[in-house]
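Asks: Supplied in structure tokens, the structure appears directly below.
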Amino acid sequence: MIRRKQALAITAVIAALSLTAACGGGGDKKDDAKGEGGDKGYSGAATAVINPSTEKGGELRLWSPQDVDYLDPARAYYGWVWDMQRLYVRSLLAYDSKPGKDGTKVVPDLAEALPVLSDDGKTYTLKLKDGVKFEDGTPITSKDVKYGVERVFAQDVLSGGPTYLIDLLDQGQKYPGPYKDEDPNKLGLKSVETPDDKTIVFHLASANSDFSYLLAMPSSSPVPASKDTGATYTNKPVSTGPYKVESFTAGKGATFVRNEHWDPKTDPIRTGLPDKVSYTVTTNPDDMDQRLLAGDIDLAVDGTGVQQAAKNKILKDPALKKNADNPFTGYIRYFAFPQTVAPFDNIECRKAVIYAADPKSLQTARGGPTSGDIGANMLPPGIPGSDKGYDPFGLTKGKPQEAKAKEALKACGKAGGFETTIAVRNNRAPEVKTAESLQAALAKVGIKATIDQYDGKLSSSTIGSPENVKKKNYGIIVMGWGADYNSGSGFLQPLVDGSFIAANANNNYTMLDDPEVNGLFDKAAAAATPDAAAPFYTDINKKIMDKALYLPINFDKALVYHNPRLTNVFFNDSYGKIDLATVGISSK
């Protein structure tokens, strides 16, 4: 069972989503799929491969309005960076490079096969493929993989990335990481064994049905100890994929060139088609969009979609629209009600807010239908156990339910309404607009909500501090969330498991610590497979909705445009982004 006290980074790897809607919000039938394997039209890349090709050559030009967090696989936590790391990082397992649900499947990458489980699911054994090498031609061994895993434990030097491996593999050893390892070979983590150069064995304290997902994270990739430079490794990590880092400048960008020691015969996931990949950081998203629509660049790699001006232009121009997609991003946008702040310790007061809200207005505040479908519950579509049709509060009808809100107010002893504060990040305009929408809707039933816009950079110490939440009377918190991996625990656990409540950088804003909910996570972890665990997440979702702890705003979408010269374009459902592992450049 994962019990992680350290908070997740705000931007996490995107949840796997089942992108079954070909049109998305605002789509027209005339723009739908047009041909097998070719031009699928608007949102075609959400479910199929656009412009398939094996042509090599050209430069893939990636831009982003924000810099990478880290290139170091042990420290990266931005979901779009994990997608970009598919260019130069290989791990034991990886998500398959296929559209639709097939992209949520974990398949062998450096490993020659999926793990062999023994000891009632507590031991995972994998063997490396023959012929896998680092960028300098050195063969990758099981010891390199173990060393890469051990680096995650060195949080005093390599903070920032996910720490799940620490939680599952330390088991009381208090392993300090390789930099303080007293083992002469710096391989002293006892729960990971390397009986030979091709075999690696992981020993868990208890069975965990999600462990294969963790082996597919970049943090489970090999690192050669002789090339590890600690905190500065992020400037030039050693490649195991089709590209290697030629240059990197923080705040500016990076250049990736071919890794001549990558053998495509060992890699069924990546195509390595472009000769070169450039990544540029910009401070002007609107300028980036203009360049994108003009064909000067290929893709806004952060995957959050174009700005409103470009969105309007795309949706009105069929020639542009056919190269755009409106997929789910894997995020839920929501309001959370801390139970430690009165009167939200009363379920009926929480229900009053949910019923008073105007779901259609909230959707409009975030940008309309292309920004996402109206949220019905707290488990996004595509994650095993989710049910997009589960709508216990009737939110998808899109209308406020003022009569029910007033009944709930009477039931919680606040017939005349009450006062509260909505906390929202000041650097997220759509979030501010949703707070204003809710504020207006609540006023109609007598609830006076004051909006407090705090510095978005200080989320961890503002809404992430339960003490500060109580002090500021934050009865309603606006936030968004995406899963670290394609599992109900990867999405829900940090939000609702009581063991995740932290004094700082807390994400369990509702302060839920329910033994029954916590126990369901334990049962899910002990399940034989992720599919077997899915019903437990269905139950957890229903229980937290029964408690009226959240008001879902939407299942998030983004309007993403790609240069029509790109080949093999599709959205990998495990990232909610165009899969960079296969993209090529057409010379036509």
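Asks: Pop out the carbon and sulfur fraction of the accessible area of the chain as a percent, whole number, probe 1.4 Å.
Replies: Answer for the chain: carbon and sulfur cover 49 percent of the accessible area.
Asks: For SER206, what accessible area in Å² do you get when you roll a 1.4 Å probe over the heavy atoms of the protein chains, rounding to the nearest 10?
Replies: The value for SER206 is about 50 Å².
Asks: I want to verify the translational diffusion coefficient of region 89-171 in µm²/s; compute it with Stokes-Einstein, Rh as the Kirkwood radius over Cα pairs, at 4 °C and 1.567 mPa s.
Replies: This corresponds to a translational diffusion coefficient of 88 µm²/s.
Asks: Which value, in Å² rounded to 10, gives the accessible area of ILE374 with a 1.4 Å probe and all protein chains present?
Replies: Surface accessible to solvent at ILE374 totals approximately 30 Å².
Asks: May I ask you to order 104-114, 249-259, 483-493 by the average number of other C-beta atoms within 10 Å around their residues, highest value first?
Replies: Highest-to-lowest ranking by the protection proxy: 483-493, 104-114, 249-259.
Asks: From the phi of every residue in region 560-576, what ³J(HN,Hα) in whole Hz does the Karplus formula 6.51 cos²θ - 1.76 cosθ + 1.60 yield, where θ is phi - 60° and glycine or proline is x?
Replies: Along region 560-576, the couplings run 10, 10, 10, 4, x, 7, 6, 10, 6, 8, 7, 8, 7, 5, 7, 10, x Hz.
Asks: Let me ask something else. Using amide H atoms built in the peptide plane, which far-off residues or other-chain residues are under 5 Å from LYS133 H to H?
Replies: Under 5 Å from the amide H of LYS133: ILE140, ASP263.
Asks: Just to verify a number: what accessible area does ARG291 come out at with the full protein assembly present, 1.4 Å probe, Å² rounded to tens?
Replies: 90
Asks: List every residue whose amide H lies under 5 Å from the amide H of ASN554, counting only residues 5 or more places away in sequence or on a different chain, with H placed 1.01 Å from N in the peptide plane.
Replies: Those qualifying (amide H under 5 Å, at least 5 residues apart or on another chain) are ARG333, GLY375.
Asks: What's the local net charge at PHE393, with K and R +1, D and E -1, over the other residues with C-beta under 11 Å away?
Replies: Overall, the nearby charge balance is +2.
Asks: Using the Karplus curve 6.51 cos²θ - 1.76 cosθ + 1.60 with θ = phi - 60°, what ³J(HN,Hα) values do you get for each residue of region 172-183, in whole Hz, with x for Gly and Pro?
Replies: Whole-Hz 3J(HN,Hα) from phi for region 172-183: x, 5, 6, 4, x, x, x, 6, 10, 5, 7, 5.
Asks: Okay, next question. Report the per residue volume, in Å³, of the convex hull enclosing the C-alpha atoms of region 227-325.
Replies: Working: hull volume 13.7 nm³, N = 99.
It is 138 Å³ per residue.
Asks: Still on this structure, I have one more. Which of the peptides 347-357, 389-399 is most tightly packed, and how do the rest follow, judged by the mean count of other Cβ atoms within 10 Å per residue?
Replies: Highest to lowest by the protection proxy: 347-357, 389-399.
Asks: LEU549: net charge of surrounding residues, Cβ under 11 Å, Lys/Arg +1, Asp/Glu -1, itself excluded?
Replies: Values: positive: ARG350, LYS351, LYS543, LYS547; negative: ASP514, ASP546.
For residues surrounding LEU549, the net value is +2.
Asks: Could you run the Karplus curve 6.51 cos²θ - 1.76 cosθ + 1.60 with θ = phi - 60° over region 230-244 and give me ³J(HN,Hα) per residue in whole Hz, x for Gly and Pro?
Replies: Per-residue couplings from phi come out as x, 4, 8, 4, 4, 6, 7, x, 7, 7, 10, x, x, 10, 10 Hz.
Asks: Leaving out ligands and nucleic acids, and using a 1.4 Å probe, what accessible area per residue does region 272-383 come to in Å²?
Replies: Averaged over the residues of region 272-383, the accessible area is 31 Å².
Asks: Over 10 Å intervals from 0, what percent of Cα-Cα pairs in region 91-138 sits in each interval?
Replies: 25, 38, 30, 7
Asks: While we're on this one: Using the Cα centre as the reference, give the magnitude of the dipole from point charges on the C-beta atoms of region 402-537 (Lys, Arg: +1; Asp, Glu: -1; all else neutral), rounded to the nearest 20 debye.
Replies: Approximately 660 debye in magnitude.
Asks: Still on this structure, please answer the following. For HIS203, what is the net charge nearby, where nearby means another residue's Cβ is under 9 Å from its Cβ and Lys, Arg count +1, Asp, Glu -1?
Replies: Residues near HIS203 contribute 0 overall.
Asks: Sticking with this structure for a sec: Check which residues have an amide H placed less than 5 Å from ASN259's amide H, if you skip close sequence neighbours.
Replies: TYR243, LYS244
Asks: How large is the Kirkwood hydrodynamic radius of region 309-360, in angstrom, based on all distinct alpha carbon pairs?
Replies: 14.7
The values are calculated or read from the model by the stated rules, or taken from the named source; none is laboratory data. Owing to the predicted nature of the structure, the values given are computational and were not obtained by experimental measurement. We place every Cβ from the backbone using ideal geometry, glycine too, and count neighbours over all the protein chains shown. Please note that ligands, DNA and RNA were not included when accessible areas were found on the heavy atoms of the full protein model with its side chains. Shrake-Rupley method; radii C 1.70, N 1.55, O 1.52, S 1.80 Å.
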